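Below you'll find the structure, written out as structure tokens, and then a few comments.
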Amino acid sequence: MRPGLIRLQVYLAHAGAASRRASEQLISSGRVTVNGLLVNVLGAKVGPGDEVRLDGRLLEPEKELRYLALHKPPEYLCSASDPQGRPLAREILPFRERLYNVGRLDYRSSGLIFFTNDGDFAARVGHPRSALEKEYLVAASGPIPDAFVEAFSTGIEVEGVFYQARFIERLGRRELRIILVEGKNREIRRVFSHFHLHPERLHRVRIGPVELGNLEAGASRPLKDRELRALALGG
């Protein structure tokens, strides 16, 4: 056996292509070649000197793993590309190599989001079983009724999907602090819409042990070692 061999999906994750599980899907769907040959069965191994390509693009293991906290401004998209040409959050990072977001903040929302080139970290932190709290400050277009606070606290079904906040604190007639754990897609906006309300400002200030703090809009910083250790333990 050649020395230094690793599974192909591990190589893809180390090259920042995707998490190991998502890399298995890339392989199975026939998007990966090794030394010019299509590899679409799991279990293949590669080593030094092998040429690995995804959709024809040469992949190389990342020389340095990066873990960044970004203060995303509103009207930036968390995506690798956008056919509408809207600005991308990844474009305001200070690094030109491929970094991708862990989870999402929708186009109009602002606040804390992670970027990395470590596929395993992204899969672990972004998975619902990590049970990381996500804390938001929300300002509505009109007064928020007590019925909204009670319903979101105890749980409410909207269009067949069950939503429940871990914690809600009223900060004013139109302002709330909301803590979610599972974080379903556009959860806060969907519950607001159910009550015929609109969040004028939806701002995430914390993910697990990591706080946005005084990081300015558009700025980013590396995650601290203690933050990475806490995230590895589930926040």
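The values are calculated or read from the model by the stated rules, or taken from the named source; none is laboratory data. These figures come from a predicted structure and were not determined experimentally. For neighbour counting, all protein chains shown are included, and Cβ atoms are generated from backbone atoms with ideal geometry for every residue, glycine included.
Structure values in brief
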quantity: Only listed residue being under 28 Å from A219 (Cβ atoms) and not acidic (D, E), chosen from A147, A44, A140; calculated: A140
quantity: Residues located in segment 77-97, provided they are surrounded by 15 or more Cβ atoms within 10 Å (Cβ to Cβ) and in contact (Cβ under 8 Å) with a residue 60 or more places away in the chain; calculated: I92, L93
quantity: Residue match in segment 157-174 (condition: more than 18 Å from S193 (Cβ to Cβ) and within 24 Å of the chain's Cα centre (by Cα)); calculated: yes
quantity: Number of the condition not met by S23 [criteria: (1) buried (at least 21 other Cβ atoms within 10 Å of the Cβ); (2) within 30 Å of L202 (Cβ to Cβ); (3) not aliphatic (A, V, I, L, M)]; calculated: (2)
quantity: Only one of K72, K45 that is assigned by TED's automatic domain parsing to the domain that holds R98 and of a type outside the set (S, T, Y); calculated: K72
quantity: Residue in segment 8-22 that is free of Cβ contacts under 8 Å to residues at least 40 places away in the same chain, in the same structural domain as G103 (by TED's automatic domain parsing) and hydrophobic (A, V, I, L, M, F, W, C) present; calculated: no
quantity: Close pairs (9 angstrom Cβ cut-off, 6 or more residues apart or separate chains): over 9 Å from Q9 (Cβ atoms) in segment 24-44, surrounded by fewer than 16 Cβ atoms within 10 Å (Cβ to Cβ) and β-branched (V, I, T) anywhere; calculated: S28/V41
quantity: Whichever residue in segment 103-129 is among the β-branched types (V, I, T) and buried (at least 22 other Cβ atoms within 10 Å of the Cβ) and, among such residues, is modelled with the highest pLDDT; calculated: I113
quantity: Single residue of F121, F162 found to be of a type in the set (A, V, I, L, M, F, W, C) and either without any contact (Cβ under 8 Å) to a residue 40 or more places away in the chain or at positive phi (or both); calculated: F162
quantity: L26 being aliphatic (A, V, I, L, M), part of a helix (DSSP H, G or I) and either under 28 Å from A230 (Cβ atoms) or not assigned by TED's automatic domain parsing to the domain that holds E216 (or both); calculated: yes
quantity: Criterion violated by E159 - all others in (1) modelled with pLDDT under 95; (2) surrounded by 16 or more Cβ atoms within 10 Å (Cβ to Cβ); (3) among the acidic types (D, E) satisfied; calculated: (2)
quantity: Criterion violated by R226 - all others in (1) within 19 Å of the chain's Cα centre (by Cα); (2) assigned to a helix (DSSP H, G or I); (3) of a type in the set (K, R) satisfied; calculated: (1)
quantity: Residue within segment 32-52 that is of a type in the set (S, T, Y), part of a loop (DSSP other than H, G, I, E, B) and under 29 Å from the mean Cα position of the chain (by Cα) present; calculated: no
quantity: Which numbered condition L231 fails, given (1) out of contact with any Gly (no Cβ under 8 Å at 6 or more places or on another chain); (2) crowded, with 18+ Cβ neighbours inside 10 Å; (3) aliphatic (A, V, I, L, M); (4) more than 21 Å from Y107 (Cα to Cα); calculated: (1)
quantity: Residue within segment 109-127 that is touching an Asp or Glu at 6+ places or on another chain (Cβ under 7 Å), outside the structural domain of E182 (by TED's automatic domain parsing) and closer than 15 Å to P222 by Cα present; calculated: yes
quantity: Test: residue in segment 188-202 that is at pLDDT below 95, within 30 Å of L59 (Cβ to Cβ) and not assigned by TED's automatic domain parsing to the domain that holds P94; calculated: no
